[in-house]
Amino acid sequence: MENVEFYSLVAMCSLFAASTWCLARPHLLSSLAAAVASCLWVLLNGPIEGRVLYVVTPDHGLTESDLLSAVGLCIAAWGYWYSVRSRRRRRRRHTNAPTHRHPDDTRAVPVRVGD
């Protein structure tokens, strides 16, 4: 394939951009983008892999660039966890909000008009 290095660099830049977006504004969409970019990076990092850190077989091993995808997946998991936790907090805050009710359970609230 022609331009393989270019596609690898695009995948790496998308991993950095999606991870930064997820760290800056953690929500479900940014977490999904970071996870997808991490998976794409594993598939497209061939030409710029770096050194082999751990040899599994003579043809396969753990490289430096594989660690980037692991970090990206950790960022995506954190962003997902943070967005779910903050959504639960907002929901709990709104359901436990005090409402002003009259003692006979109507919405009418006695208001002092003047002295």
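We did not get these values from a lab; they are worked out from the coordinates using the rules stated. Everything numeric in this text was worked out from a predicted model, so none of it was measured.
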Notebook entry, point to check: What are the ³J(HN,Hα) values, in whole Hz, obtained from phi via the Karplus relation 6.51 cos²θ - 1.76 cosθ + 1.60 with θ = phi - 60°, for each residue of the stretch 51-64 in sequence order, with x given for Gly and Pro?
Noted result: 6, 7, 8, 9, 8, 8, 10, x, 9, 10, x, 8, 10, 4
Item checked: Percentage relative contact order, the stretch 4-95, counting C-alpha pairs under 8 Å, at least six apart -> 34 percent
Notebook entry, point to check: What is the set of long-range amide H partners of residue 61 at a cut-off below 5 Å, with H atoms built 1.01 Å from backbone N?
Noted result: 56
